[in-house]
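Following: one structure in structure tokens, then a few remarks.
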Amino acid sequence: MNTPARRLSRNVIHPVALALGAALLLAGCGTTKDATSRNDLATLKTAHLAFIDEFTEGDGKTWDDQKLATRSATVELQFTNAEQYEATKKKDVLRSKAIANLHSQFKKNVKSLEGGKTFYRAKFAAHLKDQISENYDQALRGEDLR
Amino acid sequence: MASAFDGVLDGIKDESVKAAKDQLQSLLQQAKADSSAFAQKNAAALEEWIVELRNGDLNQQEFNELADAQRAAAEQFVNTQAIAGQARARELTLTVIDIAVKKVVPVLIAAI
């Protein structure tokens, strides 16, 4: 039977349930400032650009597969640490996408060097560093806009 | 005065890519006139690499790697834009790169 009390209860509960749902949704999509996350991005930028420099042609440089493996593993570990830190917190989709984008870029650089077994040419490396630097700057800008 | 980039595009005589060339030139002009410094820089870099590819200062693999890196940076840029501006940001960056890489540059390389 549709008593007045039941109608009242339906009218009251419905908006509350809606508000709770909206609150849960917002909490799940939260984007909040985090100094450690920002610092991780800045540190990764420095490491990634130094890696490109290290594998760009230069006087006295000779190709060494082992050196590439060692150096790429070091930077890879930094990415893993940054991703693990993010995994310990409430999921932030934008930040996760930003780090995944940068990590993917680093993996492509490593793969290209492993395949070519030769140093980057200077002009190419300068252009590449511009793009990588811009990518990190946009990710950092994303942090600052939060 | 025609730029080095215009000269490279003019050198592509294949009629099958005329529409793509026109679209690329139009979008690059819009990007260079846009208020976004990122879109301006993106367009200028792409033009520079295409000229360098034509002149042999970059090889095809290097060009492709740069385009990939530029695409990644552009995706990062688009993700930082407000929803309302994302479509335009995408058109002036990612669409420009795609037209250059998928339609115009293959014909340029074949003609070198």
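Values in this text are rule-based calculations from the coordinates and carry no lab data. Because the structure is predicted, anything quoted here is derived from the model rather than measured. All Cβ positions, glycine included, derive from the backbone under ideal geometry; neighbour counts span all protein chains shown.
The residue that is nearest to the other protein chains (Cβ to nearest Cβ), among those in segment A:130-146 that are farther than 17 Å from B:K41 by Cβ and surrounded by 18 or more Cβ atoms within 10 Å (Cβ to Cβ), is A:G142. Does B:A111 satisfy the condition of being out of contact with any helix residue (DSSP H, G or I) (no Cβ under 8 Å at 6 or more places or on another chain), touching a residue at least 60 places away in the same chain (Cβ under 8 Å) and away from chain A (no Cβ under 11 Å)? So B:A111 passes the test. Within segment B:68-87, the presence of a residue that is crowded, with 20+ Cβ neighbours inside 10 Å, under 11 Å from the mean Cα position of the chain (by Cα) and among the hydrophobic types (A, V, I, L, M, F, W, C) is excluded.
The set of residues in segment A:109-118 being more than 10 Å from chain B (Cβ to nearest Cβ) and in contact with a Leu (Cβ under 8 Å, 6 or more places away or on another chain) consists of A:V110, A:L113, A:E114.
Among all residues of segment A:119-129, there is none that is within 10 Å of chain B (Cβ to nearest Cβ) and under 15 Å from the mean Cα position of the chain (by Cα). Do you know which residues across segment A:93-108 are more than 8 Å from chain B (Cβ to nearest Cβ), over 17 Å from A:S37 (Cα atoms) and in contact with a helix residue (DSSP H, G or I) (Cβ under 7 Å, 6 or more places away or on another chain)? Matches in segment A:93-108: A:F106 only. The residues in segment A:85-97 that are over 22 Å from B:A82 (Cα atoms) and touching a residue at least 24 places away in the same chain (Cβ under 8 Å) can be counted, and the count is 4. Set side by side, the residues A:A100, A:A82 differ, and just one is in a helix (DSSP H, G or I), in contact (Cβ under 8 Å) with a residue 40 or more places away in the chain and under 24 Å from B:Q70 (Cβ atoms), which is A:A82. In segment B:2-60, which helices (runs of 4 or more DSSP H) lie fully inside it and hold 3 or more residues that are within 11 Å of another protein chain (Cβ to nearest Cβ)? Output list reads B:37-55. Exactly one residue out of A:T88, A:T62, A:T74, A:T118 is closer than 13 Å to A:D40 by Cβ, among the β-branched types (V, I, T) and surrounded by fewer than 13 Cβ atoms within 10 Å (Cβ to Cβ): that is A:T88.
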